[in-house]
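The values are calculated or read from the model by the stated rules, or taken from the named source; none is laboratory data. Being a predicted model, the structure only gives us computed values, none of them experimental. Virtual Cβ from ideal backbone geometry, glycine too; neighbours counted across all protein chains shown. The accessibility values were calculated without ligands, DNA or RNA, using every heavy atom of the protein model including side chains. Shrake-Rupley method; radii C 1.70, N 1.55, O 1.52, S 1.80 Å.
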Amino acid sequence: MTPLHLTYLAAEKKSAEVTDWAARVGWLVGLALFVALVYWLMREGWKWRGTLQGDLPELPTAPDDAGPAKLSMTGRYHGSTTAGQWLDRIVAHGLGTRSRAELTLTDAGLDVVRPGAADFFVPAAALREARLDKGIAGKVLTEGGLLIVTWRHGDRLIDSGFRSDRAAEHSEWADVINSMIETNSTEGAER
């Protein structure tokens, strides 16, 4: 092939137009509508779950004089589930909202202060168990990465999951809460 012939072939080969803007815009609008639909369906499902759990009584608030703090911790609140069913999230009264949390344990009970979400209080008489676990609805960590506190609210047993900023505190919290429960049940039996 002569150089003239190669120049002619190179000049004749043009790229086809790469972008069909109308089709691209159509796909992007369709994708945005699909994402919006999925988000709306998830939101409606969350609201429906809250409606189904409407029989859950209002959450108690901390008493004015709860007494001196036995333990306190800062960390994250990861949610609450039906006790023993780690995927059955409870969303009523804001219990499904993840947030930062400040926990304070007193003789009166467990005070959970959550900036940006509803605070709640677990009376000492409602505490049933504290244990270390690896998961709660939507959050799975290493073994012992979560402090799970089981408590009675109304006619339901609830597991609430917390993770301290210092995970080494979890064992101490579980031990102190369980000893409080044993002490309260022993005192109740003596009365």
Can you tell me which residue is surrounded by the most Cβ atoms within 10 Å (Cβ to Cβ) among those in the range 70-90 that are over 9 Å from ILE136 (Cβ atoms) and of a type in the set (S, T, N, Q)? THR82
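Condition check ((1) free of Cβ contacts under 8 Å to residues at least 60 places away in the same chain; (2) hydrophobic (A, V, I, L, M, F, W, C); (3) touching a strand residue (DSSP E or B) at 6+ places or on another chain (Cβ under 6 Å); (4) part of a loop (DSSP other than H, G, I, E, B)) across all residues:
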{"residue": "HIS93", "(1), (2), (3), (4)": "yes, no, no, no"}
{"residue": "THR150", "(1), (2), (3), (4)": "no, no, yes, no"}
{"residue": "GLY161", "(1), (2), (3), (4)": "no, no, yes, no"}
{"residue": "ALA167", "(1), (2), (3), (4)": "yes, yes, no, yes"}
{"residue": "GLU172", "(1), (2), (3), (4)": "no, no, no, no"}
{"residue": "ILE177", "(1), (2), (3), (4)": "no, yes, yes, no"}
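Pull up the range 154-163, narrow it to residues that are at pLDDT 90 or above and either in contact with a Gly (Cβ under 7 Å, 6 or more places away or on another chain) or surrounded by fewer than 18 Cβ atoms within 10 Å (Cβ to Cβ) (or both), then point me to the one that is nearest to GLY96 (Cα to Cα). Quick ask: steps written out before the conclusion?
Quick first cut of the range 154-163, residues at pLDDT 90 or above only: 157-163.
Checking which are either in contact with a Gly (Cβ under 7 Å, 6 or more places away or on another chain) or surrounded by fewer than 18 Cβ atoms within 10 Å (Cβ to Cβ) (or both) leaves us with 157, 161-163.
Working: LEU157: 15, GLY161: 11, PHE162: 13, ARG163: 15 Å.
Among those residues, the one meeting the criterion is GLY161.
State all residues of the range 46-64 that are free of Cβ contacts under 8 Å to residues at least 40 places away in the same chain and open to solvent by 40 Å² or more (accessible area, probe 1.4 Å); if no residue qualifies, say none.
Of the residues in the range 46-64, the ones free of Cβ contacts under 8 Å to residues at least 40 places away in the same chain are 47-48, 51-54, 58, 64.
Scanning the range 46-64 gives LYS47, TRP48, THR51, LEU52, GLY54, GLU58, ASP64.
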Per-region count, the range 130-148, residues part of a strand (DSSP E or B) and either out of contact with any helix residue (DSSP H, G or I) (no Cβ under 7 Å at 6 or more places or on another chain) or under 21 Å from GLU58 (Cα atoms) (or both): 7
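This table checks each residue for (1) in a helix (DSSP H, G or I); (2) at pLDDT below 65; (3) of a type outside the set (Gly, Ala, Ser).
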site	(1), (2), (3)
HIS5	yes, yes, yes
TYR8	yes, yes, yes
ALA11	yes, yes, no
GLU17	no, no, yes
ARG24	yes, no, yes
TRP27	yes, no, yes
ALA32	yes, no, no
VAL35	yes, no, yes
TYR39	yes, no, yes
Unique residue being in contact with a helix residue (DSSP H, G or I) (Cβ under 8 Å, 6 or more places away or on another chain) and either within 20 Å of VAL176 (Cβ to Cβ) or in a strand (DSSP E or B) (or both) when the list is ALA69, ALA118, ALA125, ALA62: ALA125
Out of everything in the range 118-135 that is touching a residue at least 60 places away in the same chain (Cβ under 8 Å) and more than 20 Å from GLY96 (Cβ to Cβ), what residue ends up being most open to solvent (accessible area, probe 1.4 Å)? PRO123
